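Since the structure comes first, as structure tokens, the remarks are kept for the end.
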Amino acid sequence: MLDEEWKNFSFHYFESYDFSAPFASGSGQYDTMIIVPCSMGTLGRIAGGISNDLITRAADVVLKEKRKLICVVRETPYNLIHIRNMETITLAGGIICPATPSFYSKPQTIEEVAATVTDRVLDLAGIENDSFRWGKK
């Protein structure tokens, strides 16, 4: 039963290979895609133009339509293949945002540390939020 709790979510769920999903086509008009977390495998498939599942197909669509793709990469350290794949996606118009917290705001809890990453991603996506702003109290 636990495996099917997603059926109770208030949003539509798409299977991994449901290429009829509206965001699998440029006519869907979605302007931003955020992949969190973005594994290096997913990043590599996107960089190589391999659209073998719904995530990589949607990312391909976002890039080809010159819309905003934000990949929040999770692995560390990077090898040269990772760096080149990040370069390829950046040159194609995507944004690479490592899941690296900042400490300017002097976070006191693990939730506040995590919020430094999520707030940054929301900023990149153009979504208003109440994150720490440099130079403001």
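Worth pointing out:
- Considering residues of segment 30-69 that are assigned to a helix (DSSP H, G or I) and free of Cβ contacts under 8 Å to residues at least 12 places away in the same chain only, the residue nearest to Thr88 (Cα to Cα): Arg45
- Considering Ser27, Ser102, the condition of being out of contact with any strand residue (DSSP E or B) (no Cβ under 6 Å at 6 or more places or on another chain) and part of a loop (DSSP other than H, G, I, E, B) is satisfied by Ser102 alone.
- Tabulated pairs, segment 85-114, first touching a residue at least 24 places away in the same chain (Cβ under 8 Å) and of a type in the set (A, V, I, L, M, F, W, C), second in a loop (DSSP other than H, G, I, E, B) and exposed (fewer than 13 other Cβ atoms within 10 Å of the Cβ), C-beta under 9 angstrom, 6+ apart or interchain: Ala99/Thr76
- Output for segment 1-24, where each listed residue is more than 23 Å from Val72 (Cβ to Cβ) and either assigned to a helix (DSSP H, G or I) or without any contact (Cβ under 8 Å) to a residue 12 or more places away in the chain (or both): Met1, Leu2, Asp3, Glu4, Glu5, Lys7, Asn8, Ser10, Ser20
- Residue, surrounded by the fewest Cβ atoms within 10 Å (Cβ to Cβ), within segment 70-83, restricted to residues that are part of a helix (DSSP H, G or I) and in contact (Cβ under 8 Å) with a residue 12 or more places away in the chain: Ile81
We did not get these values from a lab; they are worked out from the coordinates using the rules stated. Small disclaimer: the values here were computed from a predicted structure and weren't measured. Here Cβ is always computed from backbone atoms with ideal geometry, including for glycine, and neighbour counts include all displayed protein chains.
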